[in-house]
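Read the structure below first, then the notes.
Since every read-out is calculated from the coordinates, none of them should be taken as a lab result. Being a predicted model, the structure only gives us computed values, none of them experimental. Because the Cβ atoms are built from the backbone with ideal geometry, glycine has one as well, and the counts that use them run over all protein chains shown.
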Amino acid sequence: MGAILNMFRVKMGVVIARICLLLMLAVYSSYGGGCNFPEGWTGGWFQSGIPGLIYINSTTMQGKGECAETDANDKFLVYDRNEDCYRCLVIHEKHKYVLQYKETYCGQRDSLSTMCESITGDAALYSMFRKEPRPLPEPCPFHPAPFTFTYSRGSGDCANPPSRAESCTDDSRLLLRYMACPDVPGTESNVEELICLATWKEGSTRYLVGLISQVQRRNSISTDEDMYRCFVYKGTHADKSVSYSIAQSGDATCNGLTSPTEGSRTMKLTNIDDEHNRCHFPSWVVEHHKWFSLDHTHQYHFTTKNATLKIMNVDGSFEEKRLVCHSILEHKDKKLVKLVAHLTRGCESGHVCAVVWRRAGGVLELQLGGGLHDAPHHACADQIYAPHVTLISTSQFPSRCPMPGRYTVVDSLADRRRRRQQITIDEMTGEEVAERPVECVMGHYDSASIGCGAAQDTIEFQSACTSTAYTCYGSWREGSRGMVVAGPAGVQGPAGVQGPAGSQARPHALCFIYTTYVRNDSYGMPVQYLSVSAVSRSCDRAVLPGLAGDKAYNLTINGTCEQSSKYNSVGSRACPALALLALATLAAARVR
């Protein structure tokens, strides 16, 4: 009998537990948890007047309540557990970073439609702007910059002197340079940066939400209340000009903005015709739209109908530069072009002087003035002393190497460094003693050949145990110096390092900077030396051939490519007259 009672108690306990669970679920369903907010709303949101952020997850909006019912559109019935009441929220997603809503007072539950119908057309509209996860800016809708603009804070238009709006290298940023007008109260000189976050359209009205920061007061503490602003704008396009009427909110809301001519601050932007449409880089410059520095750290990309050059780090570590052709001052027979360009670096901009040299089919050099000038005619007023930046395209074709012949390496930068490392101090005498040299050292060469072979396009350094070869892609002379752009020989693809199957090889090359001079040997006979430095960055004019650079060599000539290197090496030491004959042959080859 006791066992039966125990079994009865267990079964009753299970039944009671199930009933309690069902009651709890029913209560929970009546209080909330009956619907979900859209997944894209999850995160932290800023709303003006609310301290901290409002966090939304799948079922709860912080400060409002738990989702109890929805019409699967824009109406949500939420349960406020703290106040034990319900409210209707009508939420519109204007942009993935902008939510706007109206709400009812919190009260007793009624049907979703009944509660939401009590929201009137003039009810307060609240705007929330995404903060977490951090939103990504989007391109500003005002282009093409730069613009001049007038502005008003309600006490008259500030038009003279005109203010200026300039683009940044990042299209999502715009620099606003406000000028003070002596005859308009409330105006002041100021520089603000606008970061565009979201744009949307309602009927014929266009909206923008952005962040405003004070450029001249970077160290000042700015809150979200200070930075978030809403804009209404309208663009007008004429034959040769574009203008924008803009109204800005006075606080971190979109309240009170109904037209582009009514707001806490209004502006009218008019683009400046800087003759960009009439100035283009020459065809031989834009023959290849993408160029690279020799070490492949920077890319130079010609865009926008050959009028714009973008300079950027290949790894994206720094902000890019953008040059827009303003006016061409000099153009010499497909060899040189000198021009004024409008340069934008970050949000800093101005006019610079630029010179582009054509060195070979796939080799250019660029000189870019360092100073930024407001007036275009000041940019090239003085002679440009900027360093040369050597550029190569992805399409390289071998060319004949200058200074053809066979050479002996008498000295190199690697030798000098190794000798310094091999010097030790004798413990007994305290004197410097050179260690016995290693038989074969990688990078140490005994001889070199330039322009030898059927194609005459190879530079090769050799030793008993190793050799390194380069293919010449272009050469030129400047006074007593010569320049050769060359890449590793035998690499598949255009002057580059072989990538995965089917991928384009990365351009990579060196600049060999060389000079020649004559010295008398121990017999009093003249010997010609060839000093060479290899530089990986660019054809740096500050590098002294044979003394500095990534690699440096001093060589003496043994003879022409057709002559035996060994024969001429012995012969030149035995009979200096053969060296003179080699010099004459070399000079004749250079003339050809």
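In what order do Ile513, Ile384, Ile195 fall by count of nearby beta-carbon atoms within 10 Å, going from fewest to most? Display every interim value, and only then the final one.
Working: Ile513 26, Ile384 15, Ile195 18.
In order of increasing Cβ crowding within 10 Å: Ile384, Ile195, Ile513.
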Give me the extension gain from His377 to Val242: residue separation times 0.36 nm, minus the current Cα-Cα distance, reported in nm with one decimal. 46.1 nm
Enumerate the calculated ³J(HN,Hα) couplings along the stretch 329-344 in order (Karplus 6.51 cos²θ - 1.76 cosθ + 1.60, θ = phi - 60°), each rounded to whole Hz, writing x wherever the residue is Gly or Pro. 9, 7, 9, 10, 6, 6, 10, 7, 9, 10, 8, 9, 10, 8, 9, 10
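How much length is gained if the chain between Glu262 and Thr468 is pulled fully straight, taking 0.36 nm per residue apart and subtracting their Cα-Cα distance, in nm to one decimal? Provide the component values of the computation, followed by the final result.
Values: separation 206, 0.36 × 206 = 74.16 nm, distance 7.17 nm.
Gain on stretching Glu262 to Thr468: 67.0 nm.
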What distance in nm separates the two pseudo spin-label positions at Ala180 and Arg400, each 7 Å out from Cα along the beta-carbon direction? 6.9
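Would you please give the FRET efficiency between Ser522 and Glu348, computed as 1/(1 + (r/R0)^6) with r the Cβ-Cβ distance and R0 = 60 Å, to the nearest 0.05?
On the way: r = 60 Å, r/R0 = 1.00.
Once rounded, the FRET efficiency stands at 0.50.
Just subtract the alpha-carbon distance of Glu478 and Ser172 from 0.36 nm times their residue separation and send over the number in nm, one decimal. Provide the component values of the computation, followed by the final result.
Details: separation 306, 0.36 × 306 = 110.16 nm, distance 4.35 nm.
Full extension of this stretch gives 105.8 nm more.
Anything over 29 Å Cα to Cα? Flag those among Lys334/Lys551; Lys201/Lys290; Lys94/Lys240; Lys305/Lys551; Lys305/Lys334; Lys94/Lys321, in the order listed. Display every interim value, and only then the final one.
Numbers: Lys334/Lys551 32 Å; Lys201/Lys290 37 Å; Lys94/Lys240 33 Å; Lys305/Lys551 40 Å; Lys305/Lys334 19 Å; Lys94/Lys321 33 Å.
Listed pairs above 29 Å: Lys334/Lys551; Lys201/Lys290; Lys94/Lys240; Lys305/Lys551; Lys94/Lys321.
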Whichever lysines have a C-alpha closer than 16 Å to that of Lys268, once near sequence neighbours (fewer than 8 apart) are set aside: Lys234
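What is the fewest-to-most order of Ser118, Ser163, Ser522 by other Cβ atoms lying within 10 Å of their Cβ? It would help to have the intermediate numbers written out before the result.
Working: Ser118 12, Ser163 23, Ser522 8.
Ordered from fewest to most neighbouring Cβ atoms within 10 Å, Ser118, Ser163, Ser522 come out as Ser522, Ser118, Ser163.
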Measure off 7 Å from each Cα along the Cα-to-Cβ vector at Ser113 and Ala548, then give the distance between these two points in nanometres to one decimal. 8.4
